[in-house]
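To start, the structure under review is shown below, and the notes come after it.
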Amino acid sequence: MEVVIRPTEADAVRLTAAILADDLRKNPEMVFGLATGATMEAVYAELTRLHREEGLDFSTAKTFNLDEYIGLPADDKNSYRYYMNKHLFNNINIKMANTHLPNGMTDDIKGEGARYEAAIKAAGGVDLQLLGIGQDGHIGFNEPLSSLASRTRDKSLTPATFRQNSIYFDPPESMPLRAFTMGVGTILDARKLVMLVTGERKADILAKAVEGPVSSMVTASAIQFHNNVTVIVDEAAASKLQGKEYYYWNFNHAPEWEKYR
Ligand code: F6R
């Protein structure tokens, strides 16, 4: 795992988007795993800018999102399909048929996970999975005690996640309490993981996930098992990390980071 600390949120966002863009330029048929949430909005704004101003071409890319609320239709402004269309898909030249999220309105809740897994497999697997981290340490909606081998399935959300996300709902109580999410095992199958974490409120949970023991109580800690992980953070989120000196040192000296410095 590599941890990269950038001075500000804007720098961390730019680096994250630059890594996605570079991979897409190298492989125009990239399969991206995507995340939603407040942290990612700026990443999608930057990818939109790169498309508009630098011609970044998404025409042969495919995407699979991590999660979707159960019971929200695509046109509900709190569904993750609505979020993705608004923040990214409507603004770039991706083919909508190549964008995938779990179907939150399915009649077959127990079958949806297997259907989604089969679609990921048919696309050749995820090349680069973008991740955020929840206040309770979740990746996707893999809440504490999710099996570290879990696959895409329906999941009951925690009170912490309700507190984090219900602010977007009107009234807050209308937030669904269940969601589909890729499993931790599904996420670990991606060929590369890029996690973006910003802001002081994430400092404690980031330190647990990155430097703490691997535990299903903090499902983000499972990324320690993956052999190609970059965690990009701003100074505020990095404030509780023990290895800061090394992380700065590595970014400032390692040749693979030269073009991003
Ligand atoms: C959403 C997802 C979640 C978020 C996490 C952080 O698709 O995967 O794990 O990344 O809840 O959300 P924000 O960025 O809103 O703090």
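The values are calculated or read from the model by the stated rules, or taken from the named source; none is laboratory data. Being a predicted model, the structure only gives us computed values, none of them experimental. Glycine also receives a Cβ, built like all others from the backbone with ideal geometry; neighbour counts cover every protein chain displayed. To get the accessible areas, we keep the full protein, side chains included, count just its heavy atoms, and leave off ligands, DNA and RNA. Shrake-Rupley method; radii C 1.70, N 1.55, O 1.52, S 1.80 Å.
Site pair R25 and L145 shows an inter-label distance of 4.7 nm when each label is modelled 7 Å from Cα along Cα→Cβ.
Taking each pair of distinct Cα atoms in segment 92-142 once, what is the resulting Kirkwood hydrodynamic radius in Å?
On the way: mean 1/r = 0.0760 Å⁻¹.
Result for segment 92-142 stands at 13.2 Å.
Dividing the helix sum by the residues of the chain, where each DSSP H run of 4 or more adds -39500 (n - 2.57), gives a mean residue ellipticity at 222 nm of -10000 deg cm²/dmol.
Extents of segment 128-172, taken as max minus min of Cα coordinates on every principal axis and listed largest first, are 35, 23, 17 Å.
Quick check for you: with a 1.4 Å probe and neighbouring chains kept, what is the accessible area per residue of segment 102-228, in Å²?
Details: 5390 Å² over 127 residues.
Result: 42 Å² per residue.
If you wrap the tightest convex hull around every Cα atom of segment 68-154 and split its volume per residue, you get 126 Å³. Placing a label point 7 Å from the Cα of N250 along the Cα-to-Cβ direction, the residues of segment 128-142 with a backbone N closer than 17 Å are 131.
Among A207, A12, A38, the largest mean-square fluctuation in a Gaussian network model of the chain, built with springs joining Cα atoms closer than 10 Å, belongs to A38. Backbone amide hydrogens, once placed in the peptide plane, bring F64 within less than 5 Å of F32, G33, L34, H100, excluding anything fewer than 5 places away on its chain. Just the protein heavy atoms count here, and of the accessible area of segment 201-261 at 1.4 Å, carbon and sulfur take up 51 percent. For the pair A74 and A45 in one chain, pulling the backbone fully straight at 0.36 nm per residue adds 8.4 nm over the alpha carbon distance. Counted by Cβ distance under 15 Å from D136, the other residues give a net charge of +2, where Lys and Arg count +1 and Asp and Glu count -1.
D11: net charge of surrounding residues, Cβ under 10 Å, Lys/Arg +1, Asp/Glu -1, itself excluded?
Working: positive: R6, R14; negative: E9, D234, E235.
Summing Lys and Arg as +1 and Asp and Glu as -1 gives -1.
Net charge within 11 Å of N93 by Cβ-Cβ distance, Lys/Arg positive one each and Asp/Glu negative one each, not counting N93 itself? Counting the neighbours of N93, the net charge comes to +1. Taking each residue as 0.36 nm, the span from M96 to E211 lengthens on full extension beyond its C-alpha to C-alpha distance by 37.6 nm. Each semi-axis of the equivalent ellipsoid for segment 131-209 is √(5λ) with λ an eigenvalue of the Cα gyration tensor; in descending order they amount to 21, 17, 10 Å.
Of all DSSP-defined beta bridges confined to the chain, some 30% are antiparallel rather than parallel. Find the centroid of the Cα atoms in segment 133-192 and in segment 233-257, then give the distance between the two in whole Å. Centre-to-centre (Cα) distance: 27 Å.
Under a no-solvent Debye model with one identical scatterer per Cα of the chain, what's log10 I(q)/I(0) at q = 0.13 Å⁻¹? For the chain at q = 0.13 Å⁻¹, log10 I(q)/I(0) is -0.80. Distance between the 7 Å Cα→Cβ label points at A119 and K86: 2.1 nm.
Look at where the Cα atoms of segment 34-71 and of segment 2-19 average out, and the two centres are 16 Å apart. Remark on I232: its backbone amide H falls under 5 Å from those of V4, M195, L196, V197, a criterion applied only to residues 5 or more positions apart or on other chains, H modelled at 1.01 Å from N.
Across segment 9-145, what fraction of all alpha-carbon pairs, as a whole percent, falls in each successive 5 Å bin from zero upward? Distribution as computed: 2, 10, 19, 24, 22, 14, 7, 2, 0 percent. Considering only I167, I94, G140, and ranking their Cα positions along the charge dipole of segment 84-201 that arises from unit charges at the beta-carbon of Lys, Arg, Asp and Glu, the one farthest toward the positive end is I94.
Of the listed pairs K62/K208; K62/K244; K77/K259; K77/K155; K86/K208, which have alpha-carbon separations greater than 30 Å here? The pairs that break the limit, which is 30 Å between Cα atoms, are K62/K208; K62/K244; K77/K259; K86/K208. Once C-alpha pairs closer than 8 Å and six or more residues apart are averaged by separation and normalised to the residue number of the chain, the relative contact order reads 24 percent.
Can you list which of the GluC sites (Glu not before Pro) found in segment 7-91 are DSSP loop residues with at most 16 other C-beta atoms within 10 Å?
Sparse-neighbourhood loop GluC sites (Glu not before Pro): E29.
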